[in-house]
Structures are given as C-alpha cells and as structure tokens.
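The values are calculated or read from the model by the stated rules, or taken from the named source; none is laboratory data. Please read these numbers as outputs of a predicted model, since none were measured by experiment. Positions of Cβ are backbone-derived with ideal geometry, glycine not excepted, and every protein chain shown enters the neighbour counts. Areas reflect the complete protein model, heavy atoms only, side chains present, ligands, DNA and RNA absent. Shrake-Rupley method; radii C 1.70, N 1.55, O 1.52, S 1.80 Å.
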Amino acid sequence: ATGQIVYDSADDFGKITDGEVVTYDFKFKNIGNSPLIISSATATCGCTVPEYPKEPVAPGADGVIRVVFNSAGKPGMQNKIVSITANTIPSLTELNILGMVEAAKAK
C-alpha cells in the first residue's frame, strides 16, 4: 500500500543576514487511498533540520514538514535539499529551500 503526496513548491527565503534562523513549513496532503508513512527526512547539512510527522497520515489528511535553517557561517547563495523517504512511488522526494545569506554588518 502506498500513500500519495502533494507538496508545496520550493521556498525562497529571500535575503537574510548571516546568523539568522529561518523556518519554512512544507504543507502536504495525502491524496492516496492508504495511510502515508514518512520513515525519514534528512538534510544535506547539519544547518538544516527537518521535523516531520512520526504517525501515519490518513488518506485525505494534511500534514506539515517543518524545515529550520540556521544561516550562521553560511554566506552566499544557499540551496538546501531535504530528502523525504515515505511509502510513496517514488519513495524519495526532495524539497528545496533557497535564498541569499548576506554577511553581518560590522558594529
């Protein structure tokens, strides 16, 4: 049995200053006819932390995958990928957050 999932598109957090922490909620809906089970959500670096539902998401129900990005020490253009593994076809889905991290101004 597989769930089917529809996600929001990538989030562009725009310009932020080095050291800021941004959060984005990827809302999704299980459009399949069986419960959606997310087995893992991993990011390309420790600066990006995904939080996902640990319980099955019923058919027709909505859910949220929250991604927290800490920009400290990450100047320049950023494109962070969060890989979601679930009982979907295909089993791996990638979500992106992107934006520009500008150097903090000297005080």
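Applying the selection to region 66-107, what residues are assigned to a strand (DSSP E or B), under 15 Å from Ile37 (Cβ atoms) and among the aliphatic types (A, V, I, L, M)? Hits for region 66-107 are Ile84, Ala86, Leu92. Number of residues in region 17-32 that are modelled with pLDDT of 90 or more and small (Gly, Ala, Ser): the value is 1.
In region 53-65, is there at least one residue being under 18 Å from the mean Cα position of the chain (by Cα), closer than 21 Å to Lys15 by Cβ and in a strand (DSSP E or B)? No, region 53-65 contains no residue that is under 18 Å from the mean Cα position of the chain (by Cα), closer than 21 Å to Lys15 by Cβ and in a strand (DSSP E or B). Taking the criterion of being touching a Lys or Arg at 6+ places or on another chain (Cβ under 9 Å), within 26 Å of Ile16 (Cα to Cα) and open to solvent by less than 50 Å² (accessible area, probe 1.4 Å), the residues of region 49-79 that qualify are Pro50, Tyr52, Ile65, Val67, Phe69. For Thr42, state whether it is of a type in the set (Ser, Thr, Tyr), modelled with pLDDT under 95 and in a strand (DSSP E or B). So Thr42 does not fit the description; no. Within region 50-61, residues that are on the phi > 0 side of the Ramachandran plot sit with their Cβ atoms under 8 Å from residues that are in a loop (DSSP other than H, G, I, E, B) and among the hydrophobic types (A, V, I, L, M, F, W, C), at 6+ positions apart or across chains, in these pairs: Gly60/Ile31. With respect to the conditions (1) modelled with pLDDT under 90; (2) part of a loop (DSSP other than H, G, I, E, B); (3) of a type outside the set (A, V, I, L, M, F, W, C), Gly14 lacks only one, and its number is (2).
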